[in-house]
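Asks: Below is one structure. I have some questions about it.
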Amino acid sequence: MKQYLEIIYTKPEADNLLAEIEELERNLFRLSGRVSFSPLLSQLVQEQGVDLKIKSQVNEFFETLKNELSKLVVLDLTVAIKPSAEFLARTCHWLRAEIDQKAILDIKVDPSIVAGAIISFKGKYRDLSVGKKLEEWFEEKKEEINNKL
Amino acid sequence: MLIDPIFFYIFLITIFFLAAVLVIVVWTQILFFKKFSAVKKENLQLKSSLINEEAEILKNAREKGERIITSALKQAVQIENTAQMNQKEFSELLNKELNQVIKKYSDQLEENSRKALSSYQKSLSGQMEKNIKSSSDSAEDFERALLSSMEAEIEKQKTERLVRLSEQIFGVLQDASKEVLNRSLNLSAHEDLITEALEKAKRNGGL
């Protein structure tokens, strides 16, 4: 089951997956015909070798997945631009290796921070944005700048 | 039937005894009556003398009262006559005195009023001259003060506006710097800075 989480990097991915599982739990065995899964869930189903025709196996798979998803811890990351998927994957791997194996990212984009990031994780908050540094620098040099003006 | 002589003696003794008691009672009554009659007589005599004395006193009092009333009436008539005369004299005298006082005070009042008016006129004309001079001085002072105040106000507003302008320029500069910096960074540089921030946070115990 550890493999499941390796391909989930962000909170929206985890939320979407949970919503999809809950929807499937309600309707999977009521609907006739072929049911389409999201690429993420399809990948998980394939990797875990779950037989979708066996109800008990599917239910167990969903329960385990939901349980694992509920254990994920979210790191709020405010950045100036929308990062690439590769960056998210790389960062999430780093995070899991260095900080917490259950960590996922919740990315918020705010151009006013200029660059860098504002990080909030398990109740700790750090503003390491360039915007903050710039403000501090301007505040420090305010008198000097005003004199030049 | 024979009566025993003892009973006869007892009977005689009893009669004698009763007769003695009767004599004593009668004697006592007589004495009491005599005494009562004497007291009654004395009382009557006393009453009679008292009535006579009272009558005498009343008579004397009436006579004295009549004399007093007669005398008082005479005196009253006399006083009335004198009072009428005195009242007339007093009224005349009072009128005379009052007229004198009124005249004296009205003269004094007129004199004082004349003096006060004269003094006030002098004072007013002096004050007016002073006021005219003072007004002209005050106008100059006021003009100077107003000018000074206006200059101070202009200077204050100038400083305030300069400060405000500096703040605005400072803000614009800050925003422009952010904008320029933001645009000057490519995606890779941004991502590097994010990674750097995360690593720094980890190093500083922020994660």
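Asks: At the interface with chain B (Cβ under 8 Å from one of its Cβ atoms), without any contact (Cβ under 8 Å) to a residue 60 or more places away in the chain and of a type in the set (A, V, I, L, M, F, W, C): is that true of residue A:58 in this structure?
Replies: no
Asks: Restricting the first residue to segment A:107-126 and requiring it to be facing chain B (nearest Cβ under 9 Å) and closer than 19 Å to residue A:86 by Cα, which pairs with a second residue that is surrounded by fewer than 21 Cβ atoms within 10 Å (Cβ to Cβ) and acidic (Asp, Glu) meet a Cβ separation below 9 Å and a spacing of at least six or different chains?
Replies: So the pair list comes out as A:116/A:127; A:116/B:196; A:117/A:127; A:117/B:196.
Asks: Being in contact (Cβ under 8 Å) with a residue 60 or more places away in the chain and not small (Gly, Ala, Ser) is true for just one of A:72, A:41, A:17. Which residue is that?
Replies: One residue alone meets the criteria, A:72.
Asks: Select, from A:64, A:91, A:78, the only residue that is in contact with a helix residue (DSSP H, G or I) (Cβ under 9 Å, 6 or more places away or on another chain), in contact (Cβ under 8 Å) with a residue 12 or more places away in the chain, assigned by TED's automatic domain parsing to the domain that holds residue A:17 and hydroxyl-bearing (Ser, Thr, Tyr).
Replies: A:64
Asks: Give B:143, B:196, B:167, B:191 a once-over and let me know the one that is touching a Gly at 6+ places or on another chain (Cβ under 9 Å), in a helix (DSSP H, G or I), among the acidic types (Asp, Glu) and modelled with pLDDT of 75 or more.
Replies: One residue alone meets the criteria, B:196.
Asks: Could you figure out which of (1) among the hydrophobic types (A, V, I, L, M, F, W, C); (2) within 16 Å of the chain's Cα centre (by Cα); (3) modelled with pLDDT of 90 or more isn't true of residue A:21?
Replies: Condition not satisfied by residue A:21: (2).
Asks: Test each condition in (1) aliphatic (A, V, I, L, M); (2) touching a Lys or Arg at 6+ places or on another chain (Cβ under 6 Å); (3) facing chain B (nearest Cβ under 9 Å) for residue A:80 and report the one that comes out false.
Replies: The one condition residue A:80 does not meet is (2).
Asks: Just for segment B:180-206: of the residues that are of a type in the set (D, E, K, R) and facing chain A (nearest Cβ under 7 Å), which one is nearest to residue A:83 (Cα to Cα)?
Replies: Ranking the qualifying residues of segment B:180-206, first place goes to B:191.
Asks: If I ask for residues that are among the hydroxyl-bearing types (Ser, Thr, Tyr) and more than 11 Å from chain A (Cβ to nearest Cβ), which ones from segment B:158-179 would you list?
Replies: If we filter segment B:158-179 for residues that are among the hydroxyl-bearing types (Ser, Thr, Tyr), which is where we start, we get B:159, B:166, B:177.
B:159 - this is the single residue of segment B:158-179 that is among the hydroxyl-bearing types (Ser, Thr, Tyr) and more than 11 Å from chain A (Cβ to nearest Cβ).
Asks: A further question on this structure: Among B:203, B:183, which is closer than 30 Å to residue A:99 by Cβ and basic (Lys, Arg)? Step through it out loud before you land on a result.
Replies: Numbers: B:183 fails: closer than 30 Å to residue A:99 by Cβ.
Answer to the check: B:203.
The values are calculated or read from the model by the stated rules, or taken from the named source; none is laboratory data. None of the values given here were measured: they were computed from a predicted structure. With ideal geometry, Cβ positions are generated from the backbone for all residues, glycine too; neighbour counts draw on all protein chains shown.
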